1. Leaving out same-chain residues fewer than 8 places away, which lysines sit with a Cα under 26 Å from that of LYS401?
2. Using only the Cα atoms of region 321-370, build the gyration tensor, take square roots of its eigenvalues as a ≥ b ≥ c, and label the shape rounded, prolate or oblate: rounded if a/c is under 1.5, else prolate if a/b is larger than b/c, else oblate.
3. Among LEU144, TYR209, TYR180, whose Cα projects farthest towards the positive end of the dipole of region 135-219, with charges put on the beta-carbon of Lys, Arg (+1) and Asp, Glu (-1)?
4. On a 0 to 90° scale, report how tilted helix 174-187 is relative to the longest principal axis of the chain, with both axes built from alpha carbons and the result rounded to the nearest 10.
5. Given C-alpha coordinates of region 152-290, what is the ratio Rg to Rh with the Kirkwood estimate of Rh?
6. Please report the relative contact order for region 139-206, taking Cα pairs under 8 Å with a sequence separation of at least 6, and give it as a percent rounded to a whole number.
7. Could you check the spin-label model distance between ALA264 and LYS62? Points 7 Å from the Cα along Cα→Cβ, value in nm.
8. Contact order normalised by length for region 313-420, with contacts defined as Cα pairs under 8 Å and 6 or more residues apart; what percent is it?
Amino acid sequence: MKQDLEKIIMEWWSNPLPIVTERELDLLPYYNLPLKKVTALVGFRRTGKTFLFFSVIEKIGKENTVYINFEDERFPNDVKVLTTLLDVITEFSGSKSYTLFMDEVQNIDGWEKWARRVTETTNHKLFVTGSSSKLSSNELPTELRGRSLTLDAKPLNFREFLKFKDVDIKLLPDPKILNYMREYLKFGGFPEITIVDEGKKTIILDEYYKTFLKRDVIERHKIRNKVVISQLIKLLLNSPYYTISKLANSLKSLGYNVSKTTVAKYISYLEESYFMKNLELHTQNIKKRDKAPKKPYFVDNFFISRFSNNFSENLGRLMENLVANNIDDCYYWKDYQNHEVDFVVRKLETVSELIQVTYVSNENEINDREIRSLLKASVELKCKNLKIITWDLEDKIKKEKITIKLIPLYKFLLNQPVSN
């Protein structure tokens, strides 16, 4: 093992870094923190975590760093690998301190205790990535509580997507903007996908999906019935709402005798791998919230467009998925008359925005029910900041002394705050 580590470190120091396109998430401020913390960068596979590492490495000097990818087949699942790593670094460079960058470190059982020891007893800095929420701040083991910072690595937002395309939004006519918006809507924001020819996008994205399913779900959780988890994912991708009971019944109708407990467990695995997240009903009644259907949203639009039954009928859902991935702390709202609002956005426990999402280009295309739902929710939730995200329509609607803003999807996405 020692010889392998020596070879890997020497390869790292001798090979040049790849070309890096800057993202909005900048790790340099976390490198410069005076506190000794483990910085964990978490997110779905292929969202660019490694290149975010490379970006900060470029700034601090590659010669001051060591990078290890623990999905390299040369590494056994043994914490002794990490102990040996420190010995090899010391043997190479004496007392010099390095910043250690470790990809998919959760593959090594017991890494948490090792990480704590490194931060407490050495001058090395430690950055880690993982495609499992086990590295997130709310799920880290006790060894690292209070000793770590967690950052989310997401697919490219629309601003970053345009940057990777090397286009200036200010110079684009509206039809060209909408052309890029349609590509982003369908194929999503994985960095590699943004820059490859369209004919290759689906092939590469299908491989992403297979790798995620195999490594992050089936192998990580030792799932025997591979077909059931695949069918469950396709049901979720085609369901604007779900309950555990309905999913279990749907699987049974397809010939799979699966319990509700198993379905709930599988969904937790999908959430843990950052493949999906759930929106819950906005209500003060916790029991009612728990029993109400949940709305599933997915890390990238491609998975919906690839596995939905009919793409042309899912444009509104694809728009909604993009909006969901660009806002935090939100719920959906629904009353006993089935009036519904797609997103109830909260700030500090207070409702700050009510948002509907619909694929329209003309005010006459807006369903009256969507407007009525916004107005009813506005009264009930005491919020007058009402928005409808449209395809390309920008306007205002005044109803009952309340103004509803109509905002094109691309403008909504471009104006979202930078999350850092």
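1. Filter leaves LYS334, LYS347, LYS376, LYS382, LYS384, LYS387, LYS411.
2. Cα axes put region 321-370 in the oblate bin.
3. Value computed over the given set: TYR180.
4. 60 degrees
5. Reported Rg/Rh, Kirkwood definition of Rh: 1.06.
6. Working: 28 pairs, mean separation 24.3, N = 68.
Dividing the mean separation by the residue count of region 139-206 yields 36 percent.
7. Between ALA264 and LYS62, the label points sit 5.0 nm apart.
8. Computed value for region 313-420: 20 percent relative contact order.
The values are calculated or read from the model by the stated rules, or taken from the named source; none is laboratory data. For clarity, every value in this text was computed on a predicted model and none was experimentally measured. We place every Cβ from the backbone using ideal geometry, glycine too, and count neighbours over all the protein chains shown. Only protein heavy atoms, including side chains, enter the accessible area calculation; ligands, DNA and RNA are left aside. Shrake-Rupley method; radii C 1.70, N 1.55, O 1.52, S 1.80 Å.
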